[in-house]
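Read the figures in this text as sums done on the coordinates, not as results from a lab. If you're wondering where the values come from, they're calculated on a predicted model, not measured in any experiment. Neighbour counts are summed over all protein chains in view; Cβ atoms, including those assigned to glycine, are modelled from backbone coordinates with ideal geometry.
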C-alpha cells in the first residue's frame, strides 16, 4: 500500500494555475481583505481553501484586472470628451 502524502488541490478546469489571496492583492493593487470580499461576491473564482488560506484561480484574477482596466479606460474616455 502506497502512502503518498502529497495531495493536489482540486481543479475544475484541468491545469488552471492558482495564487494566494495575498498574491492576487499585490497583482490587483488592493488589500487582501478586498480580495476576499471579491471572492465572496463571486467576482473572483475560488480554486481551493487550505485551513484559513484561500487560493483563487489566476485566470479569474487576470480577467478581473482586464475588466477593471477596460472600465477605467471607458470612464476616462467619457470624461475627456465632455471638456
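For this structure, a couple of remarks:
- Efficiency of FRET from Cβ geometry, residue 53 and residue 80, R₀ 35 Å, rounded to 0.05: 0.25
- Cα shape, region 12-70, gyration tensor, a/c 1.5 rule: oblate
- Per-residue packing, averaged as other Cβ atoms within 10 Å, sorts the ranges 68-80, 36-48, 52-64 into the order 52-64, 36-48, 68-80, beginning with the highest.
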